[in-house]
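Input: a single structure, listed below in structure tokens.
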Amino acid sequence: MSTTRTSVHGQWSSRLAFILAATGSAVGLGNIWKFPYITGENGGGAFVLVYLVCIGLIGIPIMMAEVLIGRRGRQSPINTMMTLAKEEKLSKVWALLGWSGVLAGVLILSYYSVIAGWAMSYIFRAGSGAFVGVTAEGVSSIFSALISDPERLLAWHTLFMVMTLIVVARGVRSGLELAVRYLIPLLFVLLFLLVGYAYTTGHFGEALEFLFKPDFSKLSAESVLIAMGHAFFTLSLGMGAIMVYGSYLPANVSIARTSIIIAVLDTLVALLAGMAIFPIVFANGLEPGSGPGLIFETLPIAFGHMSFGTLFGVLFFLLLSFAAWTSAISLIEPAVAWLVENRNMTRVQSTIWCGVVVWLVGLGSVFSFNLWSEFRPLGMFPVFADKNFFDVLDFITSNVMLPLGGLLIAVFAAWRLSRSTSFDELKMGDGLAYPLWRFLVRYITPIAVLIVFLDALGILPDF
Ligand code: TRP
């Protein structure tokens, strides 16, 4: 009983176009900026292992659930949830899932754009030759000069938002598909090159050990929550981004196969980034747990010492900015699609409205690194005691909103949608694939998310 619904916003031209767009959404700052720095902060190997397990057991099944829900509903996540709830005779409360996704997208993009601004400013830093022969102290002072200047951060944040809005305003097909087709492969090439440089530092083995040799004594309940939250973040799950991309997916494409391809590519990029960065960290006696500045304080050392470093430096930060760009688009698409559907606005008008809101919230993250660096908005709660505005937003979105959103998506797809609906969308044949998916999203995913949550909140006893 396939539906013949189509999306008012358009459709991807092919399966490849969807893979590129979804990979463009997944691969971004999360892989190259966030993964290395949180791995450094959470002790390495054991954290990476938990993250990989979460990608396989939670991430891929939820990605399939999101795509299937999106393609079935063919609207913005809010209206898709509303329509499916009605068709399957479920409570309208499910639409709230769409709303929380819109909110999470706006909040994440507000700080994502600020960090993307750092990457853009580094294109010019690299191009000006500032990294040539630089020392570890040198790069660190270049970095602090940037983040301590609110005006520069604001200018880059504004520019990045404008660039994002331009692509979103143009709609699903033009621009976006084209950008990812060439940029993602090029990003891989550059990462391999950096890993090659990292190999020459003589500390490659130490880095591999750090990344892949688990030491469970370094793993706290909070680290497990952060690893799980990052699995959602890096695959763009839990807020409707992949759902809305799924709503533009042609009917005959296999959801399972494409989801696996996307997750594998995304994970590869993260691991390559780790293998490029940690050898440099160890070779220069830097601190792996130094926080959000990690890649900005390590990679320039590589560019400063390799041949053609200026060229590669420019290219690398250019690609990183592009990767951030193709991710940013998916963070705002659910909100924009909803405004077009419900508020009778043109795509351009909705995009501008959403952009203004995101830009304003982003000011809080701009100031987190300078004027408000001592401000602790939720300082009265122990978990937030040492977190500034940026840290609070990041924690609440990645570690609370995305896993909870993902949990509810899993429950909806596996417990509330009828078996015939999900079977019909997933088209996995009569083998074991469909029952395996259903088992994972029915039992494993919800239970895993709940346990990690309760444990991090200190509600489970120690074991
Ligand atoms: N996955 C992207 C990254 O790793 C960020 C991102 C894009 C995202 N869309 C999302 C994160 C939706 C969570 C939800 O950089």
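The values are calculated or read from the model by the stated rules, or taken from the named source; none is laboratory data. This one's a predicted model, so the numbers in the text were calculated from it and none came from an experiment. Neighbour counts run over all protein chains shown; Cβ positions are idealised from the backbone, glycine included. Keep in mind that these areas ignore ligands, DNA and RNA; they rest on the heavy atoms of the full protein, side chains included. Shrake-Rupley method; radii C 1.70, N 1.55, O 1.52, S 1.80 Å.
Annotation: Phe131 fulfils all but one of (1) outside any helix (DSSP H, G or I); (2) touching a Phe, Trp or Tyr at 6+ places or on another chain (Cβ under 8 Å); (3) free of Cβ contacts under 8 Å to residues at least 40 places away in the same chain; the unmet one is (3).
Residues of the stretch 50-96 that are basic (Lys, Arg) and open to solvent by 10 Å² or more (accessible area, probe 1.4 Å): Arg74, Lys86, Lys89, Lys92.
Could you list, in sequence order, the residues of the stretch 404-420 that are part of a helix (DSSP H, G or I), touching a Leu at 6+ places or on another chain (Cβ under 8 Å) and surrounded by 19 or more Cβ atoms within 10 Å (Cβ to Cβ)?
Answer for the stretch 404-420, where residues must be part of a helix (DSSP H, G or I), touching a Leu at 6+ places or on another chain (Cβ under 8 Å) and surrounded by 19 or more Cβ atoms within 10 Å (Cβ to Cβ): Gly405, Gly406, Leu407, Leu408, Ile409, Phe412, Ala413.
Among what's in the stretch 304-348 and is of a type in the set (D, E, K, R) and assigned to a helix (DSSP H, G or I), pick the residue that is farthest from Ser121 (Cα to Cα). The selected residue is Glu341.
In the stretch 232-247, the residues that are under 13 Å from Ala337 (Cα atoms) reach residues that are at pLDDT below 95 and near the ligand (Cβ under 6 Å from one of its atoms) with C-beta atoms within less than 6 angstrom, at least six apart or across chains, in these pairs: Ala241/Ser25; Ala241/Ser330. Exactly one of these conditions fails for Tyr37: (1) surrounded by 24 or more Cβ atoms within 10 Å (Cβ to Cβ); (2) closer than 26 Å to Ala323 by Cβ. Give me its number. In the conditions (1) surrounded by 24 or more Cβ atoms within 10 Å (Cβ to Cβ); (2) closer than 26 Å to Ala323 by Cβ, Tyr37 misses (1) alone.
Against the numbered list (1) open to solvent by 10 Å² or more (accessible area, probe 1.4 Å); (2) away from the ligand (no atom under 16 Å from the Cβ); (3) touching a Pro at 6+ places or on another chain (Cβ under 8 Å); (4) of a type in the set (Phe, Trp, Tyr), Trp338 comes up short only at (2).
Examine the stretch 265-285 for a residue that is closer than 24 Å to Ala126 by Cα, without any contact (Cβ under 8 Å) to a residue 60 or more places away in the chain and assigned to a loop (DSSP other than H, G, I, E, B), and state whether such a residue exists. No, the conditions are met nowhere in the stretch 265-285.
When the criteria are applied in full, Met239 meets the requirement of being within 16 Å of the ligand (Cβ to nearest atom), part of a loop (DSSP other than H, G, I, E, B) and aliphatic (A, V, I, L, M). Against the definition (away from the ligand (no atom under 16 Å from the Cβ) and not acidic (Asp, Glu)), how does Leu97 come out, yes or no? In short, no.
List the pairs whose first member sits in the stretch 146-157 and is within 12 Å of Ser113 (Cβ to Cβ) and in contact (Cβ under 8 Å) with a residue 24 or more places away in the chain, whose second member is of a type in the set (Val, Ile, Thr) and crowded, with 17+ Cβ neighbours inside 10 Å, and whose Cβ atoms are under 8 Å apart, counting only residues at least 6 apart or on separate chains? Between residues of the stretch 146-157 that are within 12 Å of Ser113 (Cβ to Cβ) and in contact (Cβ under 8 Å) with a residue 24 or more places away in the chain and residues that are of a type in the set (Val, Ile, Thr) and crowded, with 17+ Cβ neighbours inside 10 Å, the close pairs are Leu153/Val114; Leu153/Ile147; Leu153/Val366; Leu154/Val366; Trp156/Val114; His157/Val114; His157/Val366. Can you name the residue in the stretch 298-334 that is of a type in the set (A, V, I, L, M) and within 12 Å of the ligand (Cβ to nearest atom) and is also nearest to Leu237 (Cα to Cα) among such residues? Residue satisfying both the conditions and the ranking: Leu331. Against the definition (assigned to a helix (DSSP H, G or I) and within 27 Å of Gly229 (Cβ to Cβ)), how does Thr164 come out, yes or no? Against the criterion (assigned to a helix (DSSP H, G or I) and within 27 Å of Gly229 (Cβ to Cβ)), Thr164 qualifies.
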